[in-house]
Amino acid sequence: MTMKALTANRLDDGEAVFWMGGRWVDRFAEAQLWGDQDPDADAAEAHAKSELTQVVDAYLIDVIESEGGYAPLSYRERVRAMGPTNKLEHGKQAEGGASIEALVHAHGAARSTGRVNLIKRK
């Protein structure tokens, strides 16, 4: 079953952040997940887009089960969730753990539908 998570980039440092119960968190593992057709996901996305002083480009991403956890479906979103790919000791991936393993071992599409829709709107 495909799930959704809400992501954006924090304005003050450009960090990829994820929505959890009314606030932005740094770790994908802490992100709130919604069912594919859950109207609360759309409401959260609409609210996030009004937070122009906190984040930019908020959009829903597709999430799948992976290695006993969840991970973004698209490779791009997995990279954003882990940190840069140039060195493994940089970014969130350096922390390791089960949530990072789920991101590393996930496979999926080239793009999330939320990102495609964001691109089409611009």
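Since every read-out is calculated from the coordinates, none of them should be taken as a lab result. Just so it is clear, the structure is predicted and the values come from calculations on it, not from any experiment. Note that each Cβ is placed from the backbone with ideal geometry, even for glycine, and that neighbours are counted across all protein chains shown.
Which order, highest average first, do 29-41, 2-14 follow once you tally other Cβ atoms within 10 Å for each residue and take the mean per peptide?
Going by the mean number of other Cβ atoms within 10 Å, highest first, we get 2-14, 29-41.
Which value in nm describes the separation of the simple spin-label points at residue 26 and residue 65, placed 7 Å from the Cα toward the beta carbon?
Modelled inter-label distance: 3.1 nm.
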